[in-house]
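Engineer: Before anything else, here's the structure in question.
The values are calculated or read from the model by the stated rules, or taken from the named source; none is laboratory data. From a predicted model like this one, the values you see are computed outputs, not experimental measurements. Glycine gets a Cβ as well: all are built from the backbone with ideal geometry, and neighbour counts include every protein chain shown.
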Amino acid sequence: MNRREFVKNSLAGAAALAAPQIVRAEARTTINFVPHADLASLDPVWTTADITRNFSLAVYDTLYGYDAEFRAQPQMVQTHTTEDSGTQWDLTLRDGLKFDDGAPVLARDCVATIRRWAKRYPLGQALMARTDELSAVSDRVIRFRLKKPFPLLPDALAEPYCSVMPEQLAKTDSFEQIKEAIGSGPFKFVASERIPGQRVVFEKNPDYVPRGDGKPSFSAGPKVVYVDRVVWNFVQDPSTDSAALAQGEVDWWENPTIDLIPQLKRNKDLVITVKDRTGEIGCLRFNLGSDLAPIAPVR
């Protein structure tokens, strides 16, 4: 298996493959990946943690996706139409979409997902504040009737936190964590092999059908999977991670510490590259709700 080709072409793998304890690859079709953190939650609505976002990009799918230029592109949506000067949007799902338990993805699943996500996320809240009606007019068609035009509708639904899940899960209170992960993405979460604090396992979803057009680009385009399994091996000690990578016990270390980069670069068998160029920055803001307002940390 060509690891570089996997990195290049499998967004889902690149976005969210992680697991705990360091072990040798179980098979040629297994990727052993060291993530930056352990997976504490399966719910992309309940938390904004990057590790859950990455998990979601592997297990779930979204109605739209962002390409490398951050333009929203149809993902689970086959096509959309607008009427009445942009105040009605009809989104038609791709044919043949299934959840990893074999059930078909229906418009009502998407409606329930959108409603739950929109209660927690600002762009979703802005969208729903402008929405008079959100409904499933058929099994494959989602309809928005808006108070006024909202051109950013595809951008809102492209957020990875708006991960489509079955209606019964999406009806969970948005301030309560879901307890299981059922998605329609390129990978299935193998709950039986989960070791909290150490190991997360994914298997290729045989029911996943990639988009037939376009090319992989960030979270948009066909998500083509070239491996059968991905194992996230979370190890807190960077020296252990580095040694395991150098010895071929793991295939991919997501976030090596800066002080170890020079050492890793001296190994000609390793490729050191930046996969996420968006970056992050921490900030503090004043809470102006009272005269003696504390400083609240914001991520």
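Engineer: For the range 36-78, enumerate the residues that are buried (at least 24 other Cβ atoms within 10 Å of the Cβ), under 17 Å from Ala156 (Cα atoms) and among the small types (Gly, Ala, Ser).
Structural biologist: Across the range 36-78, the qualifying residues are Ser56, Gly65.
Engineer: Looking at the range 154-166, can you tell me whether even one residue there is free of Cβ contacts under 8 Å to residues at least 24 places away in the same chain, in a loop (DSSP other than H, G, I, E, B) and either within 18 Å of Gly124 (Cβ to Cβ) or touching a Pro at 6+ places or on another chain (Cβ under 7 Å) (or both)?
Structural biologist: In the first step, residues of the range 154-166 are kept if they are free of Cβ contacts under 8 Å to residues at least 24 places away in the same chain; the result is none.
Checked against the condition, which is being free of Cβ contacts under 8 Å to residues at least 24 places away in the same chain, in a loop (DSSP other than H, G, I, E, B) and either within 18 Å of Gly124 (Cβ to Cβ) or touching a Pro at 6+ places or on another chain (Cβ under 7 Å) (or both), the range 154-166 yields no hits at all.
Engineer: When you scan the range 55-68, do you find a residue that is modelled with pLDDT of 95 or more and more than 19 Å from the chain's Cα centre (by Cα), even just one?
Structural biologist: Within the range 55-68, not a single residue is modelled with pLDDT of 95 or more and more than 19 Å from the chain's Cα centre (by Cα).
Engineer: Would you point out the residue of the range 143-153, among those that are without any contact (Cβ under 8 Å) to a residue 60 or more places away in the chain and closer than 22 Å to Gln73 by Cβ, that is surrounded by the fewest Cβ atoms within 10 Å (Cβ to Cβ)?
Structural biologist: Of the residues in the range 143-153, the ones without any contact (Cβ under 8 Å) to a residue 60 or more places away in the chain are 143-145, 152.
Next cut, closer than 22 Å to Gln73 by Cβ only: 143-144, 152.
Working: Arg143: 16, Phe144: 24, Leu152: 14.
Top of the filtered list is Leu152.
Engineer: Could you list, in sequence order, all residues of the range 249-299 that are farther than 30 Å from Phe70 by Cα, modelled with pLDDT of 70 or more and of a type in the set (S, T, N, Q)?
Structural biologist: If the condition is that a residue be farther than 30 Å from Phe70 by Cα, modelled with pLDDT of 70 or more and of a type in the set (S, T, N, Q), then Gln263, Asn267, Asn287 are the ones that fit.
Engineer: Could you tell me whether any residue of the range 228-238 is outside any strand (DSSP E or B), within 30 Å of Gln78 (Cα to Cα) and out of contact with any Gly (no Cβ under 6 Å at 6 or more places or on another chain)? Steps first, please.
Structural biologist: Initially, the range 228-238 is screened for residues outside any strand (DSSP E or B), giving 228, 234-238.
If we keep only those that are within 30 Å of Gln78 (Cα to Cα) too, we end up with 228.
So of that shortlist, the ones also out of contact with any Gly (no Cβ under 6 Å at 6 or more places or on another chain) come out as 228.
Scanning the range 228-238 turns up at least one residue that is outside any strand (DSSP E or B), within 30 Å of Gln78 (Cα to Cα) and out of contact with any Gly (no Cβ under 6 Å at 6 or more places or on another chain).
Engineer: Among the residues of the range 54-112, write down those that are among the aliphatic types (A, V, I, L, M) and touching a Phe, Trp or Tyr at 6+ places or on another chain (Cβ under 7 Å).
Structural biologist: Ala58, Val59, Ala68, Ala72, Val77, Val105
Engineer: Restricting to the range 101-114, name every residue that is surrounded by fewer than 16 Cβ atoms within 10 Å (Cβ to Cβ) and either closer than 23 Å to Thr87 by Cβ or outside the structural domain of Asp90 (by TED's automatic domain parsing) (or both).
Structural biologist: none
Engineer: Could you please give the count of residues in the range 191-206 that are surrounded by fewer than 16 Cβ atoms within 10 Å (Cβ to Cβ) and touching a strand residue (DSSP E or B) at 6+ places or on another chain (Cβ under 7 Å)?
Structural biologist: Matching residues across the range 191-206 total 1.
Engineer: How many residues, within the range 89-114, are within 24 Å of Gln177 (Cβ to Cβ), in a helix (DSSP H, G or I) and not β-branched (Val, Ile, Thr)? First the steps, then the outcome.
Structural biologist: The first filter runs over the range 89-114 and keeps only residues within 24 Å of Gln177 (Cβ to Cβ), leaving 99-101, 103, 105-106, 108-114.
Cutting the leftovers down to in a helix (DSSP H, G or I) gives us 108-114.
Of the ones still in play, those that are also not β-branched (Val, Ile, Thr) are 108-110, 112.
Qualifying residue count, the range 89-114: 4.
Engineer: Sort through Lys179, Lys188 and tell me the only one that's modelled with pLDDT under 95 and either over 25 Å from Glu69 (Cβ atoms) or in a strand (DSSP E or B) (or both). Give the steps one after another, and end with the answer.
Structural biologist: Values: Lys188 fails: modelled with pLDDT under 95.
So the residue among Lys179, Lys188 that is modelled with pLDDT under 95 and either over 25 Å from Glu69 (Cβ atoms) or in a strand (DSSP E or B) (or both) is Lys179.
Engineer: Ok, one more. Would a scan of the range 149-157 turn up a residue that is among the acidic types (Asp, Glu) and more than 23 Å from Ala103 (Cα to Cα)?
Structural biologist: Restricting attention to the range 149-157, the residues satisfying the condition of being among the acidic types (Asp, Glu) are 155.
Now narrow it down to the ones that are more than 23 Å from Ala103 (Cα to Cα): 155.
Yes: the range 149-157 contains one or more residues that are among the acidic types (Asp, Glu) and more than 23 Å from Ala103 (Cα to Cα).
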